[in-house]
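Only one structure is covered here, and it is reproduced in the block below.
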Amino acid sequence: MSISRCYENPPSFSPGSGAGTVQEVGGGGLKAYVTGPLDSKLAILFVSDVFGYEAPNLRKLADKVAAAGFLVVAPDFFYGDPVDLSNPNFDRQVWIAAHGTDKGCEDAKAVVAALRSKGVSAIGAAGFCWGGKVVVNLASSDHIQAAVVLHPGRITDDEINEVKTPIAILGAEIDDASPPEQLEHFGEILSAKSGMDCFVKIFPGVAHGWTVRYSVEDEWGMKSAEEAHGDMLNWFSKYMKEE
C-alpha cells in the first residue's frame, strides 16, 4: 500500500455529507455511514480507500446503490484516523503500520455478523483500493454472496486463487498499484476455477482511484466512474437475492 497513486487526489472530508446517517455497527465502537432501507434483506458493505468513509464521492455512491433497494453500510475502518495529507505531521509508513488490512478484515466480518443478526439474508461487498484486499479476503469465505473490487491495492495470485465468491474486478488503465495486465491475469486465474463467475474490466484513460476520487470538472473521468458504478450495481443485482 505504499504505491503513490493510492494517495493521489485526496477528497475534502465531509462528515455531514450524504442522505444517510452515522451509526455504530458491529460493536467495539466502530462507526459506519448507513444509507438505504433499514428493513432490506440485501446489504452491501463498502470498504473504503485510505481516505475513509467521510469522502463525499464514496457516500454519494453509497446513496446511489441504496436507491436500488440495498442497505449500504460504509464503516470507518480507520477509527477516525484516515489518511490526511493536509496534516504536516502525517507519516505514511506509521499510518500503514497502524491500519493493516488484517484488522480491516476482522472488523468487516464483525459487521457482516451484525447484519446477519438483524435479518439480512444476502450481503455483498465493494472494496476500493485499500478496501479491495479486504473484500478479496471476504470473498475467500462464505461471509458474502458477491464481491466487487475497484482499483484494488496490492493483491497476490495466491489471494485471488482462494476466492470462491462471484467477483468483479474493475481497474484503471493508469495504475501502478494494480496494473491492467495483472488484473487480467487475475481474471485468467479465476476463470480457470470450476463454477467461478468473474468479470474483469479495464477502463481506458483513467487512473487509480477514479471511481471515488473523480473531479466533477473531468467529464471523461466522471463518465467512466458512472460506468463503473453501473457495472458494480449490475453485479450485485445479479447475485444478491433474498433467501
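The values are calculated or read from the model by the stated rules, or taken from the named source; none is laboratory data. Because the structure is predicted, anything quoted here is derived from the model rather than measured. Accessible surface is based on the protein model in full, side chains and every heavy atom, while ligands, DNA and RNA are left aside. Shrake-Rupley method; radii C 1.70, N 1.55, O 1.52, S 1.80 Å.
Worth a mention:
- Using heavy atoms of the protein chains and a probe of 1.4 Å, the accessible area assigned to Asp218 is about 70 Å².
- Within the assembled protein chains, the solvent-accessible surface assigned to Ser40 is about 20 Å², based on a 1.4 Å probe.
- Around the amide H of Val50, modelled in the peptide plane, lie the amide H atoms of Trp130, all under 5 Å away and 5 or more residues distant in sequence or on another chain.
- On the chain, 49 percent of the accessible area sits on carbon and sulfur atoms, based on a 1.4 Å probe.
- Whole-Å semi-axes of the ellipsoid equivalent to region 147-243 (Cα gyration tensor, √5λ, descending): 23, 17, 9
- When the C-alpha to C-alpha distance is required to be over 20 Å, the pairs from Lys164/Lys193; Lys103/Lys133; Lys109/Lys238 that qualify are Lys109/Lys238.
- Here Glu226 sits with roughly 100 square angstrom of accessible surface, probe radius 1.4 Å.
- Alpha-carbon Rg/Rh ratio, for the chain, with Rh computed the Kirkwood way: 0.93
- Viscosity 1.567 mPa s, temperature 4 °C, Stokes-Einstein D of region 97-209 from Kirkwood C-alpha radius, µm²/s: 91 µm²/s
- Where region 1-157 is the region considered: accessible area per residue in Å², 1.4 Å probe: 39 Å²
- Per-selection metrics, region 1-135 (Cα): Rg and Dmax in Å: 14.3, 45
- The alpha carbon centroids of region 202-223 and region 36-68 are separated by 19 Å.
- Proportion of all alpha-carbon pairs of region 35-102 beyond 15 Å (%): 57 percent
- Prolate is the label for region 84-142. Its Cα gyration tensor axes, ordered a ≥ b ≥ c, give a/c of at least 1.5 and a/b above b/c.
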